[in-house]
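Report on the structure given below.
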C-alpha cells in the first residue's frame, strides 16, 4: 500500500513548483496558472488526510470543495483583471504594471 | 498500486515543472491541464471518485479553458522571444527549494517513507465510509450542525465573482453612447 507520506511529498513538491512559478514568471497569466497548481497541491493534502484519518467525517473533502470554489472565483476575477489591464496598458508583464508606485 | 502512484505523480510533477518553465504560454496551459489530470488520478487512488470528477469538470473543463481564453486574448505576448522569467528567478528558485527542503525534513521526522511500515495501512472500517462518502458529504453541506453556512457563503462568493468579473472585463460603455 501507499503510505500517507508519499502523498504529502508529492503535494509539497507541487506546491513548491507553484511557488517558484509565482515568484519567477513575468507574465501575469502564467503567475495565475502557478497559483492554481499550488491550490491543487493543498487539495491533495486535504484529501489524503481525509482518507488516512477518519473517512466517515467529510471534513477534508468538504474543505477541498470550498478550496475548489474559491479557486474558480479567483481564476475568473483574476483573468478579468488581467484582460482589463491588457486593454488599458497593452501589457500583462507584472514588472511593467507599476502605476501604483507613483 | 505503487507503480501507478509513482507514474501519476511523475506526470503531475513533470507537467507542473513544464507549466512554470515553458516559454510558450499556450503550451504551458496545456501542460497545466495534464497536471490537473494527474491530480484527478491521485484523487482516484485516494478512493474519492466524486472529487476526481469535480476536478475534471471544474479545473480542466472550466479554469483551464478560461486561462486559454485569456492567453488568446493577449495573443501578441504569446510569441515573446525574451526570457519568461524575471530578474529574481534565482532567488525564487532558491526560496522554493528551501521550502521543499524544510517540508521534507519535518515530514521525515513525523512520517516514514517506507511503504511496508504500519503507516501504510489504511484505517479499518473504511470500506463502508468510503462507499457512503458522497452521501455524507452532501448531507454535511445542508446540515445546520455542519457546513451549511460556508456552503451558502460559497454560493454568494461565486455570484459576486460572476458579477464582478463581468463588470471588470467589460469595455467602457461611455464610448458607445456618445
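Bear in mind these aren't lab numbers, they're just calculated from the coordinates by the rules spelled out. Everything quoted here is computed from the prediction, not taken from an experiment.
Things worth noting here:
- Using all pairs of distinct alpha-carbon atoms, the Kirkwood hydrodynamic radius of the range A:16-68 works out to 11.9 angstrom.
- For chain A, the Kirkwood estimate of hydrodynamic radius, built from reciprocal distances between every pair of different alpha carbons, is 15.4 Å.
- Convex hull volume per residue for the range B:1-74, taking Cα atoms only, in Å³: 61 Å³
- Shape call, the range A:39-96: gyration tensor on alpha carbons, a/c limit 1.5: prolate
- In plain terms, the C-alpha convex hull of chain B casts an average shadow of 16.2 nm² when viewed from every direction.
- From the C-alpha gyration tensor of the protein assembly as shown, square roots of 5λ in Å: 35, 25, 15
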